[in-house]
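See below for the structure under consideration.
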Amino acid sequence: PPLRTEVYVQTLKQLSGNPPPRALRLGWELLHCLILHAPPQAELAEFMRAFLKDDARAKAVSAEATSMSEACLAALDRPDEAALVAAVPGSDGAQRKSMNSSCNELVLPTTDIAEQVAVARQRLSLKTSPKSNATLNTATLFSQTTAKVEQLLEMSLTQKELNDLIKKKTELLKHFFAMEPPGNQGEALLNIWDEIYDKDIQKVVLDTVTGPSDDATNYVFPYEKLQAVVKDGLPVNWKWPRIWQKYHQLTRRGPAFREGDPINLGLENPNPNVVPQHVVIVGAGPVGVRLAIELKLGGHKVTLLEKRRERRDEEGNLQALGFTNRINRPHVSIFLRNDLDRLNGKDFMSSKMCYPVFTQADTTSIGIDELQLLLMKNALLLGVDFRLGAGFEDAEVAIDPKNSKPRWKCKVSYDEKAAVKYNVEGGSQFETFDVLMGCDGARSRVRESQPQIFGEVDKRNFKKMIGVVANLQKVPRKRLMEIGFSDGREPTDMKRAHESSKLSNKVGLNYYKASYHNYVIFTPDKEMLEAAGVTNSGLYSFHAGRAGEKGQKTQEKENLKQWIREKCKEAGIPIDEAAENGGFVPAPNDAMAFDFSEIWKCKRNMSVELPPLDYDVEKDGEWGGAEDLCPPVGLVGDAVTEPFWLAGVGLKRGWNGVMDTCYIIDNLYNLKFSGEADELKEPAPWDDHMARIKKVLPMLYDCSQEIKMTKEGHAGEYADGGVVMTQIRKHSSDALKPQWQLEVDPYSRYEPLAKLIDFKYKGAKALENEHPVVKREVALRLKADSPIW
């Protein structure tokens, strides 16, 4: 008791004349927690009442302090379950909001699930059933969100049911966050997500700064609903606060930007004129999933179609490859690595898998399957409608007779599993979307379905070069020593883009170590492979394996593998010929070759022709027929250009194409859109607006295909003497350098455009115009003490 009294006295002392808002809030939370868990003795309790009833003291500080003092007083006077109701004083939302949800951070770390649920009940507004004191007719579960507003989960639960719900969702989320290849594939991730984001979580209602959430009119992301229920895990998981924080820090645009929400840091909506569209994306490769993520951050509705489902027989043998079976490792540029970091790459990937992505420098790489699962986690937590087993077949333009708005009437085929899940008939169905985007690779069905828009692809001679790819099994340390690596270690990564001194005949070499296998690329000429018994007609690719072709069993493929073994030995790359499949991983990822003597490229990557949003056919007459209108349609990634992936340009083009696409879709109906750095001061006539949209399309296409990024973008960091760091260091001389991040605004990414606005931030103008990145960094530092950050 003496120690308890001393703790109370010191806490009250901290609440007197302690001006920092965060310190004051934490002090009130500690006091409230003490009263609930270690009530003061009678003599001290009287002193406490006098302290808490001193309204003048609390009101002089803040409304929040007043509310917290009332909550503490209620808990002191009623140390039974009624005090738990008093933890959220009042029954009206306005009074609860005045607390700023402070009492909701009282859940303490513990490994006892029952104890934590009991603490969670302190955040419940309880109404007991007349039949049983153990039954909760209505429970409102409060939890502080990124916006410092209360979140409401209305249910009819017993205490045990609430306990089970929190425990179940926590365990599922732990598993979901940790899933990665090769042990897990995309379909397994989707199945776990269906268990996590079930009807119970979907019907969670959050009380936001703009009112109760609603999926149609006041959307909140799934991760926000989940955070409201599970908080930081039970027991508390040290990674989870950082995961939620990363999501809070993602830049929202348009309707996804909630005015007055503290996560906005007091900054303005980057584009308040976004009119949300229903976008269908075909193809769940890395570029398609990244596009889905960015569109959701702009407030758009996104449906992602992916038909490739993995199939195995009863014995587990692979019968058909799925969409996440490709394990080749593209090079990761620094700016792309930064992007994966802000999308929780370091927390959603094991340390073993993170090493080649976030630790290596010149040889940074990531497996395509690893990248897909990382991005899929983000897409699902942000609300992308991911439809596995649904394949795009064709599309035609459908005109709305009331307003002449064109939409895409898409023919979509559902396999048996997908038909059951989405409650549609199997086979082909017709669905309508505002925007159609093809991210479906080199054999793009979207591109093929719209020849009148995309035309014939341009083909040109490129390099007399073959790209040979091999995925090699890891060799155990003991076996490494047996095959000539005396120290039992694998060699360090190697990157020699065009030729290697280790190899004869100037064969190029890239060698990347990965978590569960090693990846090697050779670039011989055709004559060298022909001498080894591999002709052009015998070239074998991953697409051939996915289609079930017999190329993997041909003698020419065996010749190719033998050639790879010989070159690995020359280069000092370990391969154990005595291992299964001769030291290669299982087919079709074992060995393949690609001919780069000819490459192709689309003439254009996007098209659009729309009437005004408020057009009225009855009043204004028909705008035109299908031949005069074109709902937005585009291609991104490998669907646009055959990538010369040996140089690592595929992901660079794809990520920039993602941002360009969002830039266009965000501004489809923004009449202040200028296509330049600054918006128009007044809305433009519709015809002028459409002309600006169409004018900017080829410019963006050229910049993305030629990768005309800024020097800072290529480097992946801000220059010490550049605008951003110069301005930041005026605020703080020892400020850390922020990550350079890809943004939707092309004037922040492309050198030809960035040059046009440099003058705004130099000389005398530098004092007038603070760079957007600087504004955000300064705002983050000012809010650093907030529990949100």
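The values are calculated or read from the model by the stated rules, or taken from the named source; none is laboratory data. Source: prediction; values computed, not measured. FYI the Cβ positions are ideal-geometry reconstructions off the backbone, even for glycines, and counts take in every protein chain you see. Accessible surface is based on the protein model in full, side chains and every heavy atom, while ligands, DNA and RNA are left aside. Shrake-Rupley method; radii C 1.70, N 1.55, O 1.52, S 1.80 Å.
Residues of region 702-757 that are touching a Lys or Arg at 6+ places or on another chain (Cβ under 8 Å), aliphatic (A, V, I, L, M), within 29 Å of Glu642 (Cβ to Cβ) and outside any strand (DSSP E or B): Ile707, Leu742, Val744. Scanning region 583-624 for residues that are under 24 Å from Leu321 (Cβ atoms), of a type in the set (Gly, Ala, Ser) and at pLDDT 95 or above yields one hit, Gly583.
Condition check ((1) buried (at least 19 other Cβ atoms within 10 Å of the Cβ); (2) modelled with pLDDT of 90 or more; (3) not acidic (Asp, Glu)) across all residues:
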{"site": "Ile201", "(1), (2), (3)": "no, yes, yes"}
{"site": "Tyr219", "(1), (2), (3)": "no, yes, yes"}
{"site": "Gly233", "(1), (2), (3)": "yes, no, yes"}
{"site": "Arg242", "(1), (2), (3)": "no, yes, yes"}
{"site": "Pro255", "(1), (2), (3)": "no, yes, yes"}
{"site": "Arg258", "(1), (2), (3)": "yes, yes, yes"}
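Scan region 203-217 residue by residue and report those that are buried (at least 18 other Cβ atoms within 10 Å of the Cβ) and either in contact with a Phe, Trp or Tyr (Cβ under 8 Å, 6 or more places away or on another chain) or among the charged types (D, E, K, R) (or both). Across region 203-217, the qualifying residues are Asp207, Ser213. Please identify the pairs in which a residue from region 269-287 that is more than 30 Å from Asp369 (Cα to Cα) has its Cβ atom under 6 Å from the Cβ atom of a residue that is open to solvent by less than 10 Å² (accessible area, probe 1.4 Å) and part of a helix (DSSP H, G or I), counting only partners at least 6 apart or on another chain. From region 269-287, the pairs are Asn271/Gly254; Asn271/Asp666; Val274/Gly254; Val274/Asp666. Exactly one condition in (1) without any contact (Cβ under 8 Å) to a residue 60 or more places away in the chain; (2) hydroxyl-bearing (Ser, Thr, Tyr); (3) under 30 Å from Asp590 (Cβ atoms); (4) crowded, with 18+ Cβ neighbours inside 10 Å is not met by Tyr414; state its number. Result: Tyr414 passes all but (3). Those strands (runs of 3 or more DSSP E) of region 459-528 in which at least 1 residues are open to solvent by 60 Å² or more (accessible area, probe 1.4 Å) and either at pLDDT below 80 or among the aromatic types (Phe, Trp, Tyr) (or both), considering only elements entirely within it, cover 494-496.
Taken over region 436-458, the criterion of being at negative phi and in a loop (DSSP other than H, G, I, E, B) is satisfied by Cys439, Asp440, Ala442, Arg443, Ser444, Gln450, Glu456, Val457.
Scanning region 549-569 for residues that are open to solvent by less than 60 Å² (accessible area, probe 1.4 Å) and either modelled with pLDDT under 55 or of a type in the set (A, V, I, L, M) (or both) gives Gly551, Leu560, Ile564. Taking residues in region 741-754 that are more than 17 Å from Asn338 (Cα to Cα) and free of Cβ contacts under 8 Å to residues at least 12 places away in the same chain, and partners anywhere that are among the small types (Gly, Ala, Ser) and crowded, with 19+ Cβ neighbours inside 10 Å, not one pair has Cβ atoms closer than 7 Å while being at least 6 places apart or on different chains. Taking the condition of being over 23 Å from Asp628 (Cβ atoms) and among the β-branched types (Val, Ile, Thr), how many residues in region 386-414 meet it? Of the residues in region 386-414, 1 are over 23 Å from Asp628 (Cβ atoms) and among the β-branched types (Val, Ile, Thr). Evaluate the following for Pro286: is it surrounded by fewer than 20 Cβ atoms within 10 Å (Cβ to Cβ) and either at pLDDT 95 or above or under 20 Å from Lys225 (Cβ atoms) (or both)? So Pro286 does not fit the description; no.
None of Asp595, Asp620, Asp576 is open to solvent by 30 Å² or more (accessible area, probe 1.4 Å), more than 25 Å from Cys439 (Cα to Cα) and over 33 Å from the mean Cα position of the chain (by Cα) except Asp620. Residue-level analysis places Arg407 outside the set of residues that are closer than 30 Å to Asp339 by Cα and open to solvent by 10 Å² or more (accessible area, probe 1.4 Å). The lone criterion from (1) among the basic types (Lys, Arg); (2) touching a residue at least 12 places away in the same chain (Cβ under 8 Å); (3) part of a loop (DSSP other than H, G, I, E, B) left unmet by Lys775 is number (3). Just one of the listed residues (Gln429, Gln473, Gln450) is of a type in the set (S, T, N, Q) and under 26 Å from Gly637 (Cα atoms), namely Gln450.
Here's the yes/no breakdown for (1) at pLDDT below 95; (2) open to solvent by less than 80 Å² (accessible area, probe 1.4 Å); (3) more than 22 Å from Leu613 (Cα to Cα); (4) not polar (S, T, N, Q):
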| site | (1), (2), (3), (4) |
| --- | --- |
| Leu671 | no, yes, no, yes |
| Asp678 | yes, no, yes, yes |
| Ile693 | no, yes, no, yes |
| Val696 | no, yes, no, yes |
| Tyr701 | no, yes, yes, yes |
| Glu706 | yes, no, yes, yes |
| Met709 | no, yes, yes, yes |
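Screening region 296-355 for helices (runs of 4 or more DSSP H) wholly inside it with 3 or more residues that are open to solvent by less than 20 Å² (accessible area, probe 1.4 Å) returns the ranges 334-342, 345-348.
Scanning region 1-31 for residues that are open to solvent by less than 20 Å² (accessible area, probe 1.4 Å) and at pLDDT 80 or above turns up Tyr8, Thr11, Leu12, Leu15, Gly27, Trp28, Leu31. The sole residue among Asp313, Asp341 that is modelled with pLDDT of 90 or more and not polar (S, T, N, Q) is Asp341.
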